[in-house]
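Enquirer: Have a look at the structure that comes next, please.
The values are calculated or read from the model by the stated rules, or taken from the named source; none is laboratory data. Since we're looking at a predicted model, the values are computed, not measured. Using ideal geometry, Cβ is built from the backbone for each residue, glycine included, and neighbour counts are taken over all protein chains shown. Heavy atoms of the whole protein, side chains included, go into the accessibility calculation; ligands, DNA and RNA do not. Shrake-Rupley method; radii C 1.70, N 1.55, O 1.52, S 1.80 Å.
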Amino acid sequence: MKFYSTNNTTTRTSFKDAVFNSMPQDKGLYMPVEIPRLSDKFLSHLDGYTLPEIAFNVAQNLLGDDIPADDLRAIIYDAINFYAPIVPLEDDVFVLELFHGPSLAFKDFGERFMSRVMSYFLQEGEKQLDVLVATSGDTGGAVALGFLGVPNTRVTILYPKGKVSDIQELQLTTNGGNIRALEIAGTFDDCQALVKQAFTDKELNEKFRLTSANSINIARLIPQTFYYFNAYAQLLKRGKSKVIFSVPSGNFGNIGAGLLAWKMGLPVEQFIAATNANDTVPEFLKSGVYAPKPSVATLSNAMDVGNPSNWVRIADMFKGDMNQLKSLITGYSYDDAETLAAIKKVDAEYNYIVCPHTAIAWQALKDYQKAHKDSDATGIFLSTAHPCKFPDVFPDAIAEKIVVPRQVQELEDKPKQSVILGKGFEEFKGWLLANG
């Protein structure tokens with residue numbers, strides 16, 4: 001499979017080069033030249049496959065012979081070695097739990113797959129791979145655990161100082177080894193801007209072999225399609241065949257993967273883009289004017305993105321057909337007070353605890369269903385992180401019911417290792433060169 005840049009559709013790049021380059025020099029994002037449609041036989045019998053089997057079929061259709069079948073199967077069975085169940089809360093409301101991987105966040109799907117793909121493509125004696133990643137919360141922890149100890153790789157994680165939860169920070173800063181953490185005195189957008197500028201800086205690219213582990217990397221996007229197909233497979237087992245996905249959205253890689261799955265033939269009735277106060281996309285869906293703006297801090301910090309990188313991929317999938325885009329995607333946004341109210345409602349109504357990002361997705365789904373009472377589709381909202389990662393968000397009565405996994409408790413005994421930098425590019429570049 002070949003890939004092109006969203007800024008120049010005539011370019012052609014191999015999967016290997018797209019993974020290692022991460023972002024084209026023209027500052028677009030990589031997309032597959034052809035998005036294959038899966039066979040009707042496979043789609044109608046998804047309920048007969050396991051998650052790894054589904055993942056292999058989807059990846060093989062997308063990648064073709066870029067990775068031989070046996071090698072691809074081995075990568076997937078090693079990377080996707082945890083489950084992602086749909087849990088019923090009502091007859092037509094399910095939660096897709098994506099926090100059962102090592103870092104307790106949905107990003108384990110992308111990071112574990114990508115790290116193994118990169119390791120597979122790296123040849124002995126090649127230049128060390130330097131992975132730069134900006135995180136607003138969960139990406140960094142998943143990247144750290146995905147790449148920790150992978151030979152010939154080094155990871156530098158940029159996160160906004162004071163704007164991630166304590167547990168998230170522990171996951172970023174207690175690894176050591178080939179994982180480095182930088183606290184940036186700014187926002188996630190500032191961190192992301194530094195990473196993007198580094199990729200187009202001639203001096204840095206001459207000295208380092210740079211790539212990204214953010215959702216701008218196509219190897220992050222592909223594996224996130226797996227759990228959409230698998231969720232639908234679980235619905236089929238329950239005799240349901242119409243589905244709406246409500247997706248907590250920040251940088252729009254998660255819902256972008258869902259739309260890629262839809263383009264491959266997954267029968268989705270509607271996607272709901274659920275955001276916090278960083279409502280660039282919901283506002284666009286209402287007004288038709290796409291107006292990125294500086295991000296603001298919220299309780300759902302992993303979604304604090306004012307200029308979502310992956311929106312260009314979504315626009316590219318629709319090839320300028322804004323009517324089709326707006327008919328398939330509905331946007332909702334919520335402030336912190338509404339987020340906290342949703343957390344309390346979910347606890348009271350279902351005795352179920354959701355993180356703030358997940359609460360927004362649940363509220364958006366309920367609001368959509370209320371406005372579309374004639375729909376017979378089942379709603380699935382995505383739970384993107386374990387609630388233990390956001391202890392300060394919850395009222396005491398809810399917080400005391402959260403069971404903290406053992407791997408989180410073990411982090412508390414490890415020393416923090418990080419470096420504080422400002423948000424200026426020259427300072428960041430100087431640190432990279434001095435610590436190369």
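Enquirer: Among (1) 21.7; (2) 23.1; (3) 27.1, find the value of Kirkwood radius over Cα pairs in Å that was calculated from the structure presented, and write down its label.
Expert: (1)
Enquirer: Net charge near residue 352: determine it from the other residues with C-beta under 14 Å of the C-beta of residue 352, scoring Lys and Arg +1 and Asp and Glu -1.
Expert: Result for the local shell: 0.
Enquirer: With charges set only on the Cβ (+1 for Lys and Arg, -1 for Asp and Glu), what does the dipole of region 390-434 come to about its Cα centre, in debye to the nearest 20?
Expert: In total the dipole reaches around 200 debye.
Enquirer: A further question follows. Ignoring ligands, DNA and RNA, please state the percent of accessible area on the chain from carbon and sulfur, probe 1.4 Å.
Expert: After summing per-atom areas, the C and S share lands at 48 percent.
Enquirer: Over the chain, what relative contact order in percent results from Cα pairs under 8 Å that are six or more residues apart?
Expert: 19 percent
Enquirer: Using a 1.4 angstrom probe, figure out how much accessible area the chain has per residue, in square angstrom, rounded to the nearest whole.
Expert: Normalised by residue count, the accessible surface of the chain is 37 Å².
Enquirer: Still on this model: Order the peptides 353-364, 98-109, 57-68, 38-49 from the highest to the lowest mean number of other Cβ atoms within 10 Å of their residues.
Expert: 353-364, 98-109, 57-68, 38-49
Enquirer: Which of the aspartates and glutamates could a cross-linker bridge to residue 401, judged by Cα under 17 Å and excluding same-chain residues fewer than eight apart?
Expert: Here the aspartates and glutamates satisfying the reach criterion relative to residue 401 are 347, 349, 392.
Enquirer: Here's another thing I want to ask about it. Of all DSSP beta bridges in the chain, what percent run antiparallel (nearest 5)?
Expert: 20 percent
Enquirer: Further question on the same structure: From the square roots a ≥ b ≥ c of the eigenvalues of the alpha-carbon gyration tensor of region 96-234, which class results: rounded (a/c under 1.5), prolate (a/b over b/c), or oblate?
Expert: oblate
Enquirer: Which order do peptides 400-406, 258-264, 334-340 fall in by mean Cβ count within 10 Å, highest first?
Expert: 258-264, 334-340, 400-406
Enquirer: Same structure, new question: Over all directions, the average projected area of the alpha-carbon convex hull for region 278-419 comes to how many nm²?
Expert: 11.6 nm²
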